[in-house]
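The values are calculated or read from the model by the stated rules, or taken from the named source; none is laboratory data. The model shown is predicted, which means the values in this text are computed figures rather than measured ones. So basically every Cβ, Gly included, is an ideal-geometry build from the backbone, and we count neighbours across all protein chains shown.
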Amino acid sequence: MNLLKVQIDLLKEEKKEILKKQSTGSYYVSANDDVRLTEIDEILKKEDFLIVSPERVDRIDIGVPFKLEIDYGDDDKEIMEGVLVEQRITTEPHDKFITTISPLGEAIHRLSLGEDFSYTVNKTNVISGRILEINLPTEERMAELVKKRNK
């Protein structure tokens, strides 16, 4: 499993929150917390996370932040920022961390700045868009994407 550094940091933060909840005798502690702690420990043991540090970014790849314009049709457009990941670990904001196996992720993976893309959802809805920005992955950019999940 390849994870970005920011995903590892999110797992460590989630583990700390669960342990804190358990140590305070919180009413909200559940058996699911123990299961999740085991899952987190298994993932962190591997720590096979991906370090992406290209000198320049000319296409969307795993770990590379991007900005897209998405056209849902009927004058419904959206500007979206995100980062491509191999897989989600459940704590990332789902609208910011896009997997390579999702319809959107498959459509934009390895595209360059200014390229158009399209993908189909529910077998009939075609969504199109354009790559507006591709950025170097920095800790600041990743932290900003994570921060936006709470808004």
Among (1) out of contact with any Pro (no Cβ under 6 Å at 6 or more places or on another chain); (2) within 27 Å of K15 (Cβ to Cβ) - the single one V83 does not satisfy: (1)
Residue satisfying all of: in the stretch 107-121; under 19 Å from D58 (Cα atoms) and not in a loop (DSSP other than H, G, I, E, B); farthest from the chain's Cα centre (by Cα) among these: D116
Near pairs, Cβ below 8 angstrom, 6+ apart or cross-chain, from the stretch 61-90 (farther than 12 Å from N2 by Cβ and assigned to a strand (DSSP E or B)) to any residue that is hydroxyl-bearing (S, T, Y) and at pLDDT 90 or above: I70/S128; D71/S128; E78/Y72
Per-region count, the stretch 122-144, residues among the hydroxyl-bearing types (S, T, Y) and assigned to a strand (DSSP E or B): 1
Where L104 falls short, out of the listed (1) under 14 Å from the mean Cα position of the chain (by Cα); (2) assigned to a helix (DSSP H, G or I); (3) modelled with pLDDT under 85: (3)
Odd one out for E78, checked against (1) under 17 Å from the mean Cα position of the chain (by Cα); (2) at pLDDT 90 or above; (3) loosely packed, with under 15 Cβ neighbours inside 10 Å; (4) of a type in the set (D, E): (1)
